[in-house]
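Reviewing the structure listed below.
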Amino acid sequence: MGSMFRSEEMVLCQLFVQPEAAYVSMYELGEAGIAQFRDLNPHVNDFQRRYVSEVRRCSEMERKLRWVSGELPEPPPPPIPSRRMLSPREINMLEEKIDYIESEIQEMTKNARNLKSDYLSLIELKLLIEKTQTFFQDHSAQRKLSATVQIYNNDAVFGHLGFIAGTVATSRVPSFERMLWRISHGNIFFKQAQIDQPLKDPITGHELQKTVFVVFFHGEQIKLRVKKVCFGFKATLYPCPATYKDQQEMLSGVETRIKDLEMVLDQTEQHRRLVLTNIAGDISTWMLAVRKEKAIYHTLNMFSMDIIKKCLIAECWVPKSDLYIAQKALDDGVKASGSPIPSILHHVPTREIPPTFNRTNKFTRGFQTLIDSYGIASYREVNPALYTIITFPFLFAVMFGDVGHGLIMTAFSAIIVIYEKRLSKNKSDNEIWNIFFAGRYIILLMGIFSVYTGLIYNDMFSKSLNLFGSSWMNVYDNETLANHKALELDPAVAYTQTPYPFGLDPAWQFATNNIIFLNSFKMKLSIIFGVLHMAFGVTMSVVNFNFFRKPEMIYLQYVPQILFLMLLFWYLCILMFMKWTMYSATATDPTYGTSCAPSVLITFINMMLLKGSEDSPPCKAMMFDGQDALQKLFLTLGFLCIPIMLFGKPAFLFWKARNQKRHEVGGERGEVPAGGGGGAGAAGELLITQAIHTIEYVLGTVSHTASYLRLWALSLAHAQLSAVLWQRVLRYGLARSLAGSVTMYVGFAVWAFFTLAILVLMEGLSAFLHTLRLHWVEFMSKFYDGQGYAFMPFSFAAIIEHDDEQLAQNGAPPEKKDEEY
Amino acid sequence: MGYSLIPIFVFSILWGVVGIICPIFAPKGPNRGIIQVVLILTAATCWLFWLCAYMAQMNPLIGPRLSNETLIWISRTWGNKINNTQA
């Protein structure tokens, strides 16, 4: 069978490698992704492991690279995959290079920052001078003071007043003013003017709103207090001359300095950009190499060191079919290091339970993920994912059946599949897109099957297609038609007696009693498929029993289970098939006419309750002779299966244990079997477990069979929604004149939007969920054990996939299920 | 029993080819088993689905209830031979 039939056989291996050869071997194993290593030093602290300094060095390099890539103006291009492995000497050179680049960029950034703060001060000074010109002119006009200026301790003195000029953040101005007013007891004169354009903060790059202010005061004390307040409110003070002439001089000087500084800033920025662009191409490749190296050293930390033989010992799980890859990796390591001592790969027979590994390709991975989400399969049990490839899309399609919506789904997923290589390169953070992309093949199959079931249901956007000619015809003449608004067609006369060859007759889509017919059809359909799906599930357990060499379980568990299911519920399905064939509108015998067709459900319930029903002539209660006796026989046989399910396995195990004990006791006389007390307890537990399983199964047959009716329910809901949307939205634009074209234009937009949003997306999601539930609960509970743990190999691909998420504390490569695309 | 042999044969043979003949010619490779299972399951489920739809309509116990306009329209356009006066 294919590789997905059951999980792969795993082998526990011990590797003996020389430390020199270890690095190369690990690199190859990481590329191949076939070995899951076990930590042989679980009690050792992370900081005491052998290769901790190398891991630390790699973490440092990674941090530097990450910082540098953060400085890049745009995200770096993806790495060039190079199979070539870096030797330790090359890694040292890389480390030095990264160091140098990091310090260079840091210095440039620091210089740029200094320059920017100088620039900011100069700009502020210029604005200050410009704004305060008005103050001083204003002031002199009012006060008529002389223009003598004394430069006094860096502060200007205007007339007999001293003043301090500076800038402060606009948001702080009211409190600043209030504080100054308070400390000076109202003896200051405060003038402010807001700077209109926001200035750039050199450090954060944020925009600041600043206000220019001048504080006029008298006296030394107030000057000190004002200065303290300014310091507290982080206002920058500038020396501002008072006379117009000095101000103009200063202004021109400042302007030249600003121009110079702008040029210098420009050039610094250009130089920085040049350096960054030069390394932008290589950054991702270096990052990849550093990450791989860190992963290798972290895994090497899990090895244990044998002091006597001076070699590293590792334990790992490897799939049996991949053992040759592991051997080759070890041999390459030995060859590269030039060491004369070979590395050894040694199988270790063990009773431990190996991890579960299912080899998947891009098509089967989605389905395997669906199954694994419920629980990882136990080691080497049969894998339901193989059948899910078809049963999942099919059951979805039974609920979703509509040609139009199916075509939309198929088209959407086909586009994604055709362009998958290009789309997989853009790593997106959008979770919803990632989910759709990962499930593209599932959606494609769902769409294709939906088109098929839509053709059978004859439903395309709630309209039917007449491809082969309808089997229903009009038999009424004009007078009857004129006098009655609606007429029912009698199958005895208005029917060609040959069904529409492919699917449902198109006439049904126009019928007002559509639902009556469809309900009967879809309910029967759901039960038939449900019973078959469950029977399939129960039969899967035989495969497991056969593989794990428990043939007795086939007779003790499988046979009673399948008999119970089939005798009762497959008999129900057979009754359905019989009703479809036996009762007809054209039957000559009224017993088999339309008015005498029995309800299959009532017949089934009467069978279970052992209730006899009477004939009301001309109708018979039973469909065929001997039905009553047959039903009673089936019921009896079915219920006889229950005690076999209940006691079969415990009785068998008990008998086997007793046989073994007799064997042992026969060998050594006079020895009291010690397991007597334990035996009773274990038997009790076994009985209880078996009772739970039996009750679960028996009740499950009833409840799960009814659960499959959701196939009918969702299909009905979908058809009704589709019909409502057509009749209430799109129809209003049809069959009208000029006004109708505008209505159609708007109506189509609304109809298309709701079709996509409600019918395709919402109903699609709903049907997906219900199908998943049917698989997980109704199908897999019949045979699935699901107690395994996933195989998580040491693989570079998995580590790189999770580059930004979940890096463990000690820099461990994050855990990942299986290889990504 | 109202049935016509042609559709039954056509669709049974169609799905029979898909489900029984095609798996024999599945390409050899690691995915041979998967392809075979896919073909068999597809054929089985699709054939059974078609069969249920066919059998449910072989002997209908009720007929569609149509409006008089629809009845006039189908007798004109679908061209079913009917005993009708002045259709």
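The values are calculated or read from the model by the stated rules, or taken from the named source; none is laboratory data. Source: prediction; values computed, not measured. So basically every Cβ, Gly included, is an ideal-geometry build from the backbone, and we count neighbours across all protein chains shown.
What about A:Ser337, is it touching an Asp or Glu at 6+ places or on another chain (Cβ under 9 Å) and polar (S, T, N, Q)? It is true that A:Ser337 is touching an Asp or Glu at 6+ places or on another chain (Cβ under 9 Å) and polar (S, T, N, Q). Checking each residue in segment A:579-589 for being more than 7 Å from chain B (Cβ to nearest Cβ) and either among the β-branched types (Val, Ile, Thr) or closer than 17 Å to A:Glu614 by Cα (or both) picks out A:Thr586, A:Thr588. Of these, A:Lys632, A:Lys611, A:Lys649, which one is within 54 Å of the chain's Cα centre (by Cα) and buried (at least 18 other Cβ atoms within 10 Å of the Cβ)? None of the other options fit; the residue is A:Lys649. The condition of being outside any helix (DSSP H, G or I), under 30 Å from A:Ile313 (Cβ atoms), within 21 Å of the chain's Cα centre (by Cα) and in contact (Cβ under 8 Å) with a residue 24 or more places away in the chain does not hold for A:Arg380. Among residues of segment A:568-595 that are among the basic types (Lys, Arg), those with a Cβ under 6 angstrom from a residue that is assigned to a helix (DSSP H, G or I) and buried (at least 19 other Cβ atoms within 10 Å of the Cβ), sequence gap 6+ or separate chain, pair up as A:Lys579/A:Val600.
For A:Thr360, the criteria (1) surrounded by fewer than 22 Cβ atoms within 10 Å (Cβ to Cβ); (2) away from chain B (no Cβ under 12 Å); (3) among the β-branched types (Val, Ile, Thr) hold in every case but one, which is (2). A:Phe547 - would you say it is facing chain B (nearest Cβ under 10 Å) and surrounded by fewer than 20 Cβ atoms within 10 Å (Cβ to Cβ)? So A:Phe547 fails the test.
Results for (1) in a helix (DSSP H, G or I); (2) closer than 27 Å to B:Gly33 by Cβ; (3) modelled with pLDDT under 95, shown as yes or no for each residue.
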| residue | (1), (2), (3) |
| --- | --- |
| A:Val398 | yes, yes, no |
| A:Leu407 | yes, no, no |
| A:Ile415 | yes, no, no |
| A:Lys427 | no, no, yes |
| A:Phe436 | yes, no, yes |
| A:Tyr441 | yes, yes, no |
| A:Ile448 | yes, yes, no |
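Residues in segment A:451-472: is at least one without any contact (Cβ under 8 Å) to a residue 40 or more places away in the chain, in contact with a strand residue (DSSP E or B) (Cβ under 9 Å, 6 or more places away or on another chain) and in a loop (DSSP other than H, G, I, E, B)? Checked segment A:451-472: at least one residue is without any contact (Cβ under 8 Å) to a residue 40 or more places away in the chain, in contact with a strand residue (DSSP E or B) (Cβ under 9 Å, 6 or more places away or on another chain) and in a loop (DSSP other than H, G, I, E, B).
Does segment A:484-506 contain any residue that is more than 7 Å from chain B (Cβ to nearest Cβ), under 23 Å from A:Asp459 (Cα atoms) and of a type in the set (D, E, K, R)? For segment A:484-506, residues more than 7 Å from chain B (Cβ to nearest Cβ), under 23 Å from A:Asp459 (Cα atoms) and of a type in the set (D, E, K, R): absent. Kindly check whether there is at least one residue in segment B:52-74 that is at pLDDT 95 or above, in a helix (DSSP H, G or I) and under 27 Å from A:Ala385 (Cα atoms). Yes, the conditions are met somewhere in segment B:52-74. Among the numbered criteria (1) within 14 Å of chain B (Cβ to nearest Cβ); (2) modelled with pLDDT under 95; (3) surrounded by 20 or more Cβ atoms within 10 Å (Cβ to Cβ), which one does A:Leu455 miss? In the conditions (1) within 14 Å of chain B (Cβ to nearest Cβ); (2) modelled with pLDDT under 95; (3) surrounded by 20 or more Cβ atoms within 10 Å (Cβ to Cβ), A:Leu455 misses (2) alone.
To keep it simple, each residue is scored yes or no on (1) in contact with a His (Cβ under 7 Å, 6 or more places away or on another chain); (2) more than 30 Å from A:Gln270 (Cβ to Cβ); (3) outside the structural domain of A:Asn426 (by TED's automatic domain parsing); (4) modelled with pLDDT of 85 or more.
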residue: A:Arg50; (1), (2), (3), (4): no, yes, yes, no
residue: A:Arg57; (1), (2), (3), (4): no, yes, yes, yes
residue: A:Met61; (1), (2), (3), (4): no, no, yes, yes
residue: A:Arg66; (1), (2), (3), (4): no, no, yes, yes
residue: A:Glu71; (1), (2), (3), (4): no, no, yes, no
residue: A:Pro76; (1), (2), (3), (4): no, no, yes, no
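Only one entry in A:Gly404, A:Gly375 is over 12 Å from A:Val760 (Cα atoms), surrounded by fewer than 22 Cβ atoms within 10 Å (Cβ to Cβ) and either in contact (Cβ under 8 Å) with a residue 24 or more places away in the chain or within 14 Å of another protein chain (Cβ to nearest Cβ) (or both), namely A:Gly375. For A:Gly366, the conditions (1) within 14 Å of another protein chain (Cβ to nearest Cβ); (2) in contact with a strand residue (DSSP E or B) (Cβ under 7 Å, 6 or more places away or on another chain) are fulfilled apart from (2).
When restricted to residues that are of a type in the set (Phe, Trp, Tyr) and surrounded by fewer than 22 Cβ atoms within 10 Å (Cβ to Cβ), segment A:477-510 contains 2. Scanning segment B:11-38 for residues that are at the interface with chain A (Cβ under 9 Å from one of its Cβ atoms) and assigned to a helix (DSSP H, G or I) yields B:Phe11, B:Arg32, B:Gly33, B:Ile34, B:Ile35, B:Gln36, B:Val37, B:Val38.
If you go through segment A:211-231 and pick out every residue that is aromatic (Phe, Trp, Tyr) and assigned to a helix (DSSP H, G or I), you end up with 1.
In segment A:239-262 there is at least one residue matching the filter, namely being of a type in the set (Phe, Trp, Tyr) and over 18 Å from A:Val68 (Cβ atoms).
If you check A:Met534, A:Met523 for being more than 13 Å from every other protein chain (Cβ to nearest Cβ), aliphatic (A, V, I, L, M), in a helix (DSSP H, G or I) and touching a residue at least 12 places away in the same chain (Cβ under 8 Å), only one passes: A:Met534.
On the stretch given as segment A:193-210, residues that are surrounded by fewer than 18 Cβ atoms within 10 Å (Cβ to Cβ) and in a strand (DSSP E or B) total 6. Residues in segment A:173-186 that are surrounded by fewer than 16 Cβ atoms within 10 Å (Cβ to Cβ) and in contact with a Phe, Trp or Tyr (Cβ under 8 Å, 6 or more places away or on another chain): 2 in all.
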